[in-house]
Amino acid sequence: MARVFSGIQPSGEIHIGNWLGMIRSAVKLQEENDALYCIVDQHAITGHYDIGTLSQRTRDMAIGLLAAGIDPSRATLFVQSHVPHHTTLAWLLTTITPLGELERMTQFKDKSQRFESIPAGLLSYPVLMAADILLYRAEQVPVGEDQVQHLELAREITRKWNATFAPDEPFFPEPQPILSTARRIIGLDGQAKMSKSLGNTIGVTESPEEIWQKLRPAMTDPARVTRHDPGTPEICNIYHLHKHFSPPDTVELVAHNCRTASWGCIDCKKVLAGNMAATLAPIRERYAELSARPGYVDEVLGDGAADARRRADETMREVTERMGFLPGV
Ligand code: SF4
């Protein structure tokens with residue numbers, strides 16, 4: 001049994017890109033591992049953010065994760081800001097993290113261009129991520145492609161801390177990445193990765209009608225100008241979505257009907273919309289049930305935070321001792 005840690009942004013809504021990528025694998029991982037799933041609200045404030053909706057987005061994400069199958073009797077589900085040790089450890093790790101390493105992070109370079117005055121939190125974001133992982137001495141971390149570089153830095157910080165403060169026997173395990181098999185889900189524009197900020201998503205709790213309204217105008221193979229023009233399914237995102245939501249014989253039929261122009265793109269999308277709505281129906285229903293039970297969700301997050309704090313206390317006791325601090329009374 002490995003200890004697995006995963007941080008999830010409080011974006012409010014889980015879209016099919018998150019679900020097919022990270023969340024389905026998190027549900028599987030909790031079966032055979034000691035899994036900790038943390039809604040990283042402190043990471044979410046490192047840029048411009050909407051103060052008024054942060055708490056609701058955090059709660060909605062918790063409900064979404066529970067609806068998608070995260071089981072609090074198997075995994076520890078909690079909110080990052082409910083466990084203050086994350087920022088304490090992040091500060092300690094900041095003192096051994098080379099500035100140059102932080103400055104060369106691709107995400108920092110991209111995101112810092114949006115600011116006239118760059119917040120230091122944007123630079124030290126990967127250190128907080130390293131602290132999230134090390135606090136629980138996690139061995140495995142499910143990550144998307146965009147976080148691989150940050151995890152590599154977390155591994156480097158781990159090696160440096162161990163070499164400095166635990167030279168005889170490493171205290172922190174070096175966290176290993178788990179890359180999702182459904183790594184990159186393209187959005188409905190057929191261009192960029194599915195992302196809420198690009199408005200090219202379908203939420204896992206959307207109704208069949210909402211799913212259809214989004215799929216209907218979605219980008220397809222541009223060669224299919226009329227119903228009689230054959231297409232190339234491999235270059236069409238609708239075909240790739242079929243592979244996630246439709247049975248294999250339907251996927252074969254989609255490819256055949258596309259290549260031979262035996263149906264139009266609207267027919268193809270209707271089949272996808274039906275299969276997607278059916279696949280997501282249990283999540284939608286459970287989400288509605290849980291939304292009506294806010295007390296239960298608070299209880300789950302309270303229990304999760306208590307468990308996380310207990311584990312974090314153990315780590316921090318060892319860390320502060322090894323770093324030479326005077327123990328408190
Ligand atoms: S028929 Fe289906 S797979 Fe082919 S281009 Fe249209 S939507 Fe895409």
- Query: Of all residues in region 117-159, which are surrounded by 21 or more Cβ atoms within 10 Å (Cβ to Cβ) and touching a Lys or Arg at 6+ places or on another chain (Cβ under 6 Å)?
  - Reply: Tyr136, Ala138
- Within region 206-313, helices (runs of 4 or more DSSP H) holding 3 or more residues that are touching a residue at least 12 places away in the same chain (Cβ under 8 Å) and more than 18 Å from Leu188 (Cβ to Cβ): 248-259, 265-291
- Query: Which of the residues that make up region 147-199 are of a type in the set (A, V, I, L, M) and in contact with a His (Cβ under 9 Å, 6 or more places away or on another chain)?
  - Reply: Ala182, Ile185, Ile186, Met194
- Do you know which residues across region 160-170 are out of contact with any Lys or Arg (no Cβ under 7 Å at 6 or more places or on another chain) and crowded, with 17+ Cβ neighbours inside 10 Å? Trp161, Asn162
- Val225 fails exactly one of the following numbered conditions: (1) more than 18 Å from Gly203 (Cα to Cα); (2) at pLDDT 95 or above; (3) aliphatic (A, V, I, L, M); (4) within 14 Å of the ligand (Cβ to nearest atom). What is the number of that condition? (2)
- Residue that is surrounded by 12 or more Cβ atoms within 10 Å (Cβ to Cβ), within 26 Å of Met194 (Cα to Cα) and over 26 Å from the mean Cα position of the chain (by Cα), where the choices are Leu272, Leu280, Leu253: Leu253
- Task: Given the conditions (1) farther than 30 Å from Leu272 by Cα; (2) surrounded by fewer than 23 Cβ atoms within 10 Å (Cβ to Cβ), report the number of the one that Cys38 does not fulfil.
- Result: (2)
- Note on the structure: With criteria (1) out of contact with any helix residue (DSSP H, G or I) (no Cβ under 7 Å at 6 or more places or on another chain); (2) open to solvent by 10 Å² or more (accessible area, probe 1.4 Å); (3) more than 10 Å from the ligand (Cβ to nearest atom), Asn237 comes up short on (3)
- Task: Determine the pairs where a residue that is part of a helix (DSSP H, G or I), located within region 149-167, has a partner that is of a type in the set (D, E, K, R) and open to solvent by 50 Å² or more (accessible area, probe 1.4 Å) with Cβ atoms under 8 Å apart, the partner being 6 or more residues away or on another chain.
- Result: Arg155/Glu174; Thr158/Glu174; Arg159/Glu174; Phe165/Arg322
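The values are calculated or read from the model by the stated rules, or taken from the named source; none is laboratory data. A quick note: this is a predicted structure, and the numbers were derived from the prediction, not measured. Ideal geometry is used to build each Cβ from the backbone, glycine not excepted, and the neighbour counts take in all protein chains shown. Keep in mind that these areas ignore ligands, DNA and RNA; they rest on the heavy atoms of the full protein, side chains included. Shrake-Rupley method; radii C 1.70, N 1.55, O 1.52, S 1.80 Å.
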